[in-house]
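Novice: Could you have a look at this structure, given as structure tokens, before my questions?
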Amino acid sequence: MRFRQVEKELGKPLSLQTSFQGNAQAFQSSLSSTPILIAAALFVIYLILGVLYESVIHPVTIISTLPSAGLGALLLLMAVHYDLTVIAIVGIILLIGIVKKNGIMLVDFAQQVEHEKGLSAEEAIYQACVLRFRPILMTTMAALLGGVPMMLGTGVGSELRQPLGYTIVGGLALSQVLTLYTTPVVYIYLDRLQDWIFRGRKKTVSSQAVPQPAE
């Protein structure tokens, strides 16, 4: 926070102790619990996606789209010298829902094509990227352009809206660039990991099912 930065620049003596009180203290305590809330939200998302796709692997593929959005939001906030306020954190939580749908659209289509047409993971995710590019771009640009007025707007209350706008625009811009490159790679490698795990289980079950010769 800027107060702590000014405090360091003034070089206060060690005998002088400072602390926040009132609304500032409540705000600081709320920030300390934010990482736990985000982690809990991601865990719930993982459980829901795991039930939806009946898989413990591919929900990770969908969640892998989220770090790029958070990184883009933080980089743009740093570039314009904005702090990570509660409004900016609300924007990051909003990004979780918006960006996650990119991974869902790719993985859902790839899984469907892979099972119905018997394609390999590489061919399935390639078709998903080609055929789902336009809807992903349309939905992302609609949300991104919706954040531009908040980012550039001035007037009464603009100091509250601008961090939200910068968070949405920065997160969506970077995630849109990286999603179509990182998600296929993650999908292919996790699909291979899933095949390796289930192949090992099948070998174990088959070896246990072989009847032992009678003595």
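Novice: Separation between the GLN112 and VAL156 pseudo-spin-labels, each 7 Å from Cα along Cα→Cβ, expressed in nm?
Specialist: Between GLN112 and VAL156, the label points sit 4.9 nm apart.
Novice: Testing the spin-label approximation: label points 7 Å from Cα along Cα→Cβ at VAL44 and PHE198. State their distance in nm.
Specialist: 3.0 nm
Novice: Tell me, what is the FRET efficiency for SER120 and GLU54 to the nearest 0.05, using R0 = 25 angstrom and their Cβ-Cβ distance as r? Numbers along the way, then the final one.
Specialist: Details: r = 20 Å, r/R0 = 0.81.
That pair, SER120 with GLU54, gives E of 0.80.
Novice: In addition: How large, in percent, is the carbon and sulfur part of the accessible surface of the range 53-132 at a probe radius of 1.4 Å? If you can, show how the numbers build up before the last one.
Specialist: Details: 2540 of 3800 Å².
Exposed carbon and sulfur together represent 67 percent of the surface.
Novice: Same structure again: Could you state the accessible area per residue of the range 55-157 in Å², with a 1.4 Å probe and every protein chain left in place?
Specialist: Details: 5170 Å² over 103 residues.
Per residue, the range 55-157 has an accessible area of 50 Å².
Novice: I've got another one for you. In debye, nearest 20, what is the charge dipole magnitude of the range 116-183 about its Cα centre with +1 on Lys and Arg Cβ and -1 on Asp and Glu Cβ, if you could check? Walk me through the intermediate numbers first.
Specialist: Details: 4 positive and 4 negative charges, 33 e Å.
Charge dipole of the range 116-183: 160 debye, to the nearest 20.
The values are calculated or read from the model by the stated rules, or taken from the named source; none is laboratory data. Being a predicted model, the structure only gives us computed values, none of them experimental. When we count neighbours, we look across all protein chains shown, and the Cβ atoms used for this are built from the backbone with ideal geometry, even at glycine. Accessible surface areas use protein heavy atoms only, side chains included; no ligands, DNA or RNA. Shrake-Rupley method; radii C 1.70, N 1.55, O 1.52, S 1.80 Å.
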